[in-house]
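The values are calculated or read from the model by the stated rules, or taken from the named source; none is laboratory data. All values reported here derive from a predicted model rather than from experimental measurement. Virtual Cβ from ideal backbone geometry, glycine too; neighbours counted across all protein chains shown. Side chains are part of the model used for accessible areas, which takes the heavy atoms of the whole protein and leaves out ligands, DNA and RNA. Shrake-Rupley method; radii C 1.70, N 1.55, O 1.52, S 1.80 Å.
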Amino acid sequence: MTSTHRFEERLLEELSAVVAARPAPGPAASVPTARRRVVPRGRLAVAGGAVTAAVAAVAVFASSGDHTTAAYAVTPQPSGAVTVTIRSLADADGLQRALDDAGLPAVVDYRADGGGGVGCAAAPGGGAVTGGTTAGGPTTTRHEESGHAEAGPTLTQSGPALPRPGAGRVRMSTSVRMRPDGSVTFSIDPGKLAAGQKVFITTSTGALTSIAIAVGETRPAPCPAP
Amino acid sequence: MSPDELPRIGHDPAAFAAFYGEHVEAVQRFVVRRVADPHLAADLTAEIFLAVVDAAPSYRPGRGTPTAWLFGIARHVVAAEHRRAGRERRAHARVEGRRLLEPDDVARMQERIDAAARARELHAALDALGEGERAVFELVALDDLSPAEAAAALGIRPVTARVRLHRARTSLRAHLTFDDDSTPMPRPMEARS
């Protein structure tokens, strides 16, 4: 391949390779169809503040720049599960919509102490399993910044299934893995959710490293202070 | 490129090449109005086009012209740069722009940077503005977007953009150069080639 003399031409070559490697849009393209927006009124208890996006108006997409750095990716798997990768805490609304569109009813709230901190599986909120990343601040921060190639820690937590009159009981294990690039990834099978159940994606500290996933009908309460 | 074709640039190399050719110079100028280092400018140029490729499938013509959309993305990428350490950003980059620079390219980028010195001064002076005012003012005064395009780039209503623009100009009156009393807004602060 002959070398090109200008930065702009070389950059175009590299970018064209990126574009060529991307799949053409298929039936699962990002155009959202009819959105299922089910808010089980009276069954959704909220801890410490409103659920922000459950009935939000349509948000502006890429022109506002929110989707541009691919804060998240929602990928359906052949098994029926949905793999979610979160790279940054931007655009909670967009992720929530994308999950709804993928058949995974979700509530995404990244605010600090939106609920669901590590080890709070025992909090009331319906039978649920919470998978959380380690809230070890300094270690995790160094891990993100150093970009090591090692595989991130895999943490699997199976919380107790809390019997509650009338509530669905789900026993499911969800491993939340942090990758070397600092992104967080997990997979959930929508078919395993009972009617009325949602996935709650929250943080306890407002940072990606404290992200927690919970499944239930109602939002998990924030961790009680130690 | 017509707005209807724009979503294709995310997966169609020919469409992408056409879009890139139309906009690569404008993107580089956008970047050098904000950063003074040629290597960083190359990195950000690459990042902006990668972000464009990611965002293209969700572009809708009703949300603004391709230029407004592009500048909204560019703004987001450059703003994110200030919040991340350079080493971390490069470790995650899919295409490192600076690797593609030869000495001639560095010289040309430096020329752009020099031409944009006044713009960078103004950009620094904008710290005095509120975030919303700053965003609109930058796009109109530095990047030569119309207020309507700036509104589209930022995802706000045109009337909101005009109000913020007016407030910004009032706040910055001491810093701006007006070519005559009848011109309500300053010229973009760089030489055109």
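Residue selection: B:ALA79 satisfies the criterion of being in a helix (DSSP H, G or I) and surrounded by fewer than 19 Cβ atoms within 10 Å (Cβ to Cβ).
Could you tell me how many of the residues in region B:58-68 are open to solvent by 10 Å² or more (accessible area, probe 1.4 Å) and under 19 Å from B:GLY21 (Cα atoms)? Qualifying residue count for the region: 3. Consider A:GLY103 carefully, then state whether it is touching a strand residue (DSSP E or B) at 6+ places or on another chain (Cβ under 6 Å), farther than 23 Å from B:ILE73 by Cα and modelled with pLDDT under 80. In short, no.
Answer yes if at least one residue in region B:29-47 is closer than 25 Å to A:ALA98 by Cβ, part of a helix (DSSP H, G or I) and open to solvent by 10 Å² or more (accessible area, probe 1.4 Å), and no otherwise. Checking region B:29-47: at least one residue is closer than 25 Å to A:ALA98 by Cβ, part of a helix (DSSP H, G or I) and open to solvent by 10 Å² or more (accessible area, probe 1.4 Å). Looking only at region B:116-165, residues that are small (Gly, Ala, Ser) and under 17 Å from B:ALA79 (Cα atoms) come to 10 in all.
When region B:100-133 is filtered for residues that are part of a helix (DSSP H, G or I) and within 9 Å of another protein chain (Cβ to nearest Cβ), the ones remaining, listed by number, are B:LEU100, B:ASP104, B:ASP105, B:VAL106, B:ARG108, B:MET109.
Pairs please, first residue from region B:38-65 and under 21 Å from B:MET109 (Cα atoms) and within 7 Å of chain A (Cβ to nearest Cβ), second anywhere and among the basic types (Lys, Arg) and in a helix (DSSP H, G or I), Cβ atoms under 6 Å, 6+ apart in sequence or on different chains. Cβ pairs passing all conditions: B:ALA42/B:ARG98. How about region B:15-28: which of its residues are farther than 17 Å from B:ASP43 by Cβ, more than 9 Å from chain A (Cβ to nearest Cβ) and either open to solvent by less than 10 Å² (accessible area, probe 1.4 Å) or of a type in the set (A, V, I, L, M) (or both)? Residues satisfying the conditions are B:ALA18, B:PHE19, B:ALA26.
Checked against (1) more than 8 Å from every other protein chain (Cβ to nearest Cβ); (2) open to solvent by less than 30 Å² (accessible area, probe 1.4 Å); (3) among the β-branched types (Val, Ile, Thr), B:ILE9 passes all but condition (1). B:PRO7 meets all of the listed conditions (1) outside any helix (DSSP H, G or I); (2) in contact with a Phe, Trp or Tyr (Cβ under 6 Å, 6 or more places away or on another chain) but one, namely (1).
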